[in-house]
Amino acid sequence: MADAKRSAWEEWGQVDPLWAIVTEGGKEFGNWDLSDFFASGKASIDSLWSTATSNGIPGNHRIGLDFGCGVGRLTGPLGEHLDRVVGLDISPTMIDLANRYNGERSNLIFQVHEGDTLSAFPDGHFDAVCSLLVLQHLPSHESISNYIREFVRVLAPDGVLMMQLPDFVPEVTIHPGLRSRLRPRTRIAETLHSLGVSPSFLYRALGWKPEMTMRALTKDRVLALIDEMGATLVWSSEASIDASGVSNVFYLATR
């Protein structure tokens, strides 16, 4: 994964890790309530797990993967259904927070993800693979596609892949008048950032934000990748459009 992407998410881990993970309106600048934040993760996992089990998957409940685990919002709820869960994230600060917030859960293992693949894990290793609100932030459409292939590769027979990905991301437009007002402040913040000024100070004092790119894959493309790897789609949601106009689809697949 590109060094710039790793650096941006490490900075998000320092300035506002909860909002970076779930960018809900009004929760920016540290306004997420910790219990509400983790309750949202449990609700997501419980809903997807219920749909999966109604379709007879996963066949075993030994080990799962939470890819892009952040501070463990989904890892803990997954650990209620599986004997052991590995949480991977590219940000060391996110991993430190995941260990802090989930320290009492002995069946959760959090690791910094260093590579561009899941080559550390053999084929068919995980009974469950989960990645929500993550793939959209990868550096390219090809890297998204490659990770979907990797998810299927490391999925055990009769395992469950739980995945979310936008199928449409609107182009961001800024009114010319607003752009002209923001430009001097943005230049100042970027200059201070390049000089090593604390990201936390820039975030709160100047509204500067680390990079957070958004990408989408069409549903047809996702289904083609699942089929290419010999997996089977079990269920997919209707597209739901969030407040920013991003259209999201959830997928359950098995092999």
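The values are calculated or read from the model by the stated rules, or taken from the named source; none is laboratory data. Small disclaimer: the values here were computed from a predicted structure and weren't measured. Here the Cβ positions follow ideal geometry from the backbone for every residue, glycine too, while neighbour counts run over all protein chains shown. We work out accessible area using only protein heavy atoms, side chains counted, and drop any ligands, DNA or RNA first. Shrake-Rupley method; radii C 1.70, N 1.55, O 1.52, S 1.80 Å.
Residue by residue, here is whether (1) of a type in the set (A, V, I, L, M, F, W, C); (2) more than 19 Å from the chain's Cα centre (by Cα); (3) modelled with pLDDT of 95 or more; (4) under 23 Å from LEU138 (Cα atoms) holds:
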residue: ALA43; (1), (2), (3), (4): yes, no, yes, no
residue: SER50; (1), (2), (3), (4): no, yes, yes, no
residue: ARG62; (1), (2), (3), (4): no, yes, yes, no
residue: LEU65; (1), (2), (3), (4): yes, no, yes, yes
residue: GLY68; (1), (2), (3), (4): no, no, yes, yes
residue: VAL71; (1), (2), (3), (4): yes, no, yes, yes
residue: LEU82; (1), (2), (3), (4): yes, yes, yes, no
residue: VAL86; (1), (2), (3), (4): yes, no, yes, yes
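Mind listing whichever residues of the stretch 1-47 are small (Gly, Ala, Ser) and touching a Ser or Thr at 6+ places or on another chain (Cβ under 6 Å)? Talk me through it step by step, then tell me what you get.
Step one: of the stretch 1-47, the residues small (Gly, Ala, Ser) are 2, 4, 7-8, 13, 20, 25-26, 30, 35, 39-41, 43-44, 47.
The one that is small (Gly, Ala, Ser) and touching a Ser or Thr at 6+ places or on another chain (Cβ under 6 Å): GLY13.
In the stretch 144-189, which residues are at pLDDT 95 or above and either in a helix (DSSP H, G or I) or among the basic types (Lys, Arg) (or both)?
Those that are at pLDDT 95 or above and either in a helix (DSSP H, G or I) or among the basic types (Lys, Arg) (or both): ILE144, SER145, ASN146, TYR147, ILE148, ARG149, GLU150, PHE151, VAL152, ARG153.
Got a sec? Which of LEU161, LEU65, LEU155, LEU74 is under 20 Å from ALA253 (Cβ atoms), free of Cβ contacts under 8 Å to residues at least 60 places away in the same chain and touching a strand residue (DSSP E or B) at 6+ places or on another chain (Cβ under 7 Å)?
After ruling out the rest, the residue left standing is LEU74.
Out of all the residues in the stretch 23-32, is one or more open to solvent by less than 50 Å² (accessible area, probe 1.4 Å), of a type in the set (Gly, Ala, Ser) and not in a helix (DSSP H, G or I)?
yes
I need a count of the residues in the stretch 201-218 that are over 16 Å from SER131 (Cβ atoms) and surrounded by fewer than 17 Cβ atoms within 10 Å (Cβ to Cβ).
Matching residues across the stretch 201-218 total 9.
Does ALA253 satisfy being part of a strand (DSSP E or B), among the small types (Gly, Ala, Ser) and touching a residue at least 60 places away in the same chain (Cβ under 8 Å)?
It is true that ALA253 is part of a strand (DSSP E or B), among the small types (Gly, Ala, Ser) and touching a residue at least 60 places away in the same chain (Cβ under 8 Å).
Assuming HIS193 fulfils every condition listed in (1) surrounded by fewer than 14 Cβ atoms within 10 Å (Cβ to Cβ); (2) not in a loop (DSSP other than H, G, I, E, B) apart from one, which condition is it?
Going through (1) surrounded by fewer than 14 Cβ atoms within 10 Å (Cβ to Cβ); (2) not in a loop (DSSP other than H, G, I, E, B) one by one, HIS193 breaks only (1).
With the condition kept exactly as written, say whether any residue in the stretch 239-254 is out of contact with any strand residue (DSSP E or B) (no Cβ under 8 Å at 6 or more places or on another chain), surrounded by 12 or more Cβ atoms within 10 Å (Cβ to Cβ) and closer than 20 Å to ASN146 by Cβ.
No, because not a single residue in the stretch 239-254 is out of contact with any strand residue (DSSP E or B) (no Cβ under 8 Å at 6 or more places or on another chain), surrounded by 12 or more Cβ atoms within 10 Å (Cβ to Cβ) and closer than 20 Å to ASN146 by Cβ.
Which ones in the stretch 1-22 are open to solvent by 20 Å² or more (accessible area, probe 1.4 Å) and either touching a Cys at 6+ places or on another chain (Cβ under 7 Å) or small (Gly, Ala, Ser) (or both)?
Correct list: ALA2, ALA4, SER7.
Just need a number here: residues in the stretch 103-144 that are hydroxyl-bearing (Ser, Thr, Tyr) and surrounded by 21 or more Cβ atoms within 10 Å (Cβ to Cβ).
1
Does any residue in the stretch 191-215 that is within 27 Å of LEU165 (Cα to Cα) come within less than 6 Å, Cβ to Cβ, of a residue that is outside any helix (DSSP H, G or I) six or more places away or on a different chain, and which pairs are these?
What qualifies is MET214/VAL169.
Criterion first (more than 29 Å from SER7 (Cα to Cα) and surrounded by 14 or more Cβ atoms within 10 Å (Cβ to Cβ)) does ALA231 satisfy it?
Yes: the conditions hold for ALA231.
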